[in-house]
Every structure is written in C-alpha cells, then in structure tokens.
Amino acid sequence: MTLLVLFLLASLDGALCGCRTCMGRHPFIRKTKYYVAGVLRGVLAAQIASWLSLALLLAVYFHSPNKTFLRLDLQAAAGRMLYIFLPYAALVLANLAMRAFPSVDLRSATSVLFLGPLTALRPFVMILGVLVGIWRSQLDNTIFLGLFVLTFMLSLDFALNLYNSRHQERQIRALV
C-alpha cells in the first residue's frame, strides 16, 4: 500500500511539474490545451521514472540473498518518507483547492504566499523525505534505491523545463 501511495504522489508531482514548467511559455491566448498537454507530459515523465525505479527495485530484490529483510527494510523506509511527503502534498492540494473559489484576490494570495514558496521548497522536501526514509535503513540496497529514485524525481523538473523551452522556441520560430 505504501508503494501505491508513493506512486500516486510521484504522479501528482509529475503533473504539477508538467504544469509549472509550461506556464508562461505559450504565445497564444487560448492555452487550455497547452496546459493540459503539459500536465499529461509531466504525468508521463513521472510514470517513466516510476516504472524504471520499479524495474530496478525488482532487479535488486530478485538478486538479494535476503529478500524478506530487504522487503521489510524498503517498506520501513517508504513509510518514513510518507511522514514528509504526505503533509507537503496535503498543503499543495489544499492551496490548489482554494483556487477553485472565483476570487482573483484569493488566487493571487495562494500563488504568492503558498504555491510559489512550496514550489521552491520542492527539491528540499524531496531530499529531506528520502533522507528521512533511508536514514535508519540497514541495507545498502535500500539506500541505493532511495537515492536512485530521488535522482530520477529531481531530474523530472529539469527535463520538463528543457523540453518546454525547446518547444517554446519552435513555436516562436513558427510565428515569426
């Protein structure tokens, strides 16, 4: 169950990264399709990172001499990560939910006071969550897998920014 929650959190993170990295990059007025495509691109990138992480996890698991101990160590580490990731995700989702109210002032306030700073804190929250998760791990494999997943998830934002930057350049060249 813990892995499913982490998978869903990674998917949410990918969706938000996809949306954030395409904001302000589209030269047209009607941007809904562009933003939806950005969100889907982020979810796809998170799925790729998640499935590659799962493949590595399974490879490590099947080559481990002590599968039961590895499974227990991984479950404990993942559970500790949730102590950091769930409150952060709840804060982000609560602020996104507040944007559903039709008040420009409220939307501006949530962007400036919460969503902006929470976006800036994202890499630190991810690093802290993984470090808390692997801190008491007893196996090097658990530490390695935690750092591998962290690297993948942190590179998501960079990869999506790079893609959207190149996409924007192509769009502008097509207009000029």
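The values are calculated or read from the model by the stated rules, or taken from the named source; none is laboratory data. Predicted, not measured: the structure shown is a model, and the values here were computed from it. Cβ sites come from the backbone with ideal geometry, for glycine too, and all protein chains shown count toward neighbours.
Among the residues of region 15-36, just one is among the aliphatic types (A, V, I, L, M) and farther than 21 Å from Leu115 by Cα, namely Ile29. Across region 110-127, not a single residue is classified as surrounded by 15 or more Cβ atoms within 10 Å (Cβ to Cβ) and among the small types (Gly, Ala, Ser). Candidates Ala97, Ala109, Ala76: the one that is modelled with pLDDT of 95 or more and either assigned to a helix (DSSP H, G or I) or of a type outside the set (S, T, N, Q) (or both) is Ala76. Within region 62-73, the only residue that satisfies the criterion of being touching a residue at least 40 places away in the same chain (Cβ under 8 Å), part of a helix (DSSP H, G or I) and out of contact with any Ser or Thr (no Cβ under 8 Å at 6 or more places or on another chain) is Phe69. Across region 153-176, the number of residues qualifying as more than 25 Å from Leu12 (Cβ to Cβ), hydrophobic (A, V, I, L, M, F, W, C), free of Cβ contacts under 8 Å to residues at least 24 places away in the same chain and in a helix (DSSP H, G or I) comes to 1. Given the condition in contact (Cβ under 8 Å) with a residue 24 or more places away in the chain, surrounded by 13 or more Cβ atoms within 10 Å (Cβ to Cβ) and among the hydroxyl-bearing types (Ser, Thr, Tyr), answer yes or no: does some residue in region 22-45 qualify? No, the conditions are met nowhere in region 22-45. Consider region 108-148 and keep the residues that are hydroxyl-bearing (Ser, Thr, Tyr) and more than 26 Å from Tyr61 (Cβ to Cβ). The one that is farthest from the chain's Cα centre (by Cα) is Ser108. In this entry, Met23 is excluded by the filter for residues that are over 18 Å from the mean Cα position of the chain (by Cα) and among the aliphatic types (A, V, I, L, M).
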